[in-house]
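Worksheet: one structure, shown below.
Any read-out appearing in this document is the output of simple, stated calculations on the displayed coordinates, not a laboratory observation. Just so you know, these numbers come straight off a predicted model, no measurement behind them. Please note: Cβ atoms are built from the backbone with ideal geometry, for glycine as well, and neighbour counts cover all protein chains shown.
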């Protein structure tokens, strides 16, 4: 089987119209009258096709994709193995509900997750629809296993938009503003943020700082779980200082607290490892995955130690659509593609190319305060060069200018001043070089 992109979709950036073109403008007018105002869009264009490293809009503009649908189409939109697997499954059946008449695909995905996630201990998995749903269920499982209720999340965290995961999420706007009250017994601890902590706060010191807050404000005897992203996503692609995460995991182990790694954005080869936890030798008690697990079909999972996962009573976990057969078929094909096509190594190659370009930009432009990330999960933090204060306006301006030139770039960060880069692992070097040429020109123009 080939994994080359759709032969009918050109793989170079091409502007057929100004962005947005007339067809996208007409569709946006329809959206404004049909879709709730609370659903925003990053770009004013409507997609028609996507494959490899590009997205084509309805006006024929071909955009280089540095977003992957927010880290979802990791092996490339419309990846051939995924398309074939879903087409075959849809001909057989689309749904029965695993809790009514189960099917092999769900079991096969669970087996793969149990095999691929860190650690050689006995594991179990359960499948859901979205990352937020999976995070919420991981907390449920931890509470059932420990008999405790409190949960700790971290500064700058993003874990979802359900009531409990909004409580876990740190950023108020746009995720939490006006939607409270939130679920109780959620506490927040300081994260290791090397760029803003400075050189005097290494991973060990940052961990001691967090643990002191947890012990004073919560108490380990009350704490069911600690939930953390190994590399933060929406919070700004923050990579904690070395040693921070292992120290937290050790403290959890010593105190009977469930260590939950939220790998919704970092999982499935994105960071140059199958899971980002592997970079520091972490073996989470529970690991949450979603996004890249099924290359665009809705699927999420909680995988963890059998004795913790089995603490929930029969019927306590599940959902009508959780582990839908089409999504399971897509997940199995995605995992096959990652393995067969060397996607983990490809993520490392992307890191080397992109970091070199971003570091050259930083060396030439003091407004780029930090370059960070792993694999194909990279970011630059933009600041006022005189004060180091976050510069959200510059981030928005750079992103908008890149969009106008046909490059999909996303903004994130607690302060809104981080440009994040999440290209599909199927992207070519030529596409990456062209995209970073556009970014370099944009910074020059905005100087």
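Some observations on this one:
- Just checking the listed ones, 198, 219, 52: in the Gaussian network model of the chain with Cα springs under 10 Å, the one fluctuating most is 198.
- Difference of contour (0.36 nm per residue) and Cα-Cα distance, residue 212 to residue 429: 73.6 nm
- Modelled FRET efficiency - R0 22 Å, residue 120 with residue 242, Cβ distances, 0.05 increments: 0.40
- Whether the chain is rounded, prolate or oblate, judged on the alpha carbon gyration tensor where a/c under 1.5 counts as rounded: oblate
- With only the Cα atoms considered, the stretch 32-142 has a convex hull volume of 197 Å³ per residue.
- Within the chain, percent of DSSP bridges classed antiparallel, to nearest 5: 65
- Computed E for residue 397/residue 349 - FRET, C-beta separation, R0 35 angstrom, nearest 0.05: 0.70
- The stretch 83-340: antiparallel DSSP beta bridges as a percent of all, rounded to 5: 40
- Rel. contact order, % - alpha carbon contacts under 8 angstrom, at least six apart, the chain: 21
- 33 Å tail of the calculated P(r), the stretch 83-340, as % of Cα pairs: 17
- Extension gain from residue 87 to residue 177, taking 0.36 nm per residue of separation minus the Cα-Cα distance: 28.3 nm
- Of 169, 339, 101, the one that fluctuates the most in a GNM where the chain has Cα springs shorter than 10 Å: 101
- Residue among 404, 331, 172 with the largest mean-square fluctuation in a Gaussian network model of the chain, springs linking Cα atoms under 10 Å: 172
- With a Förster radius of 51 Å applied to the beta-carbon distance between residue 360 and residue 100, the computed FRET efficiency rounds to 0.35.
- In plain terms, the chain from residue 222 to residue 33 could stretch by 63.2 nm, reckoned as 0.36 nm per residue minus the Cα-Cα distance.
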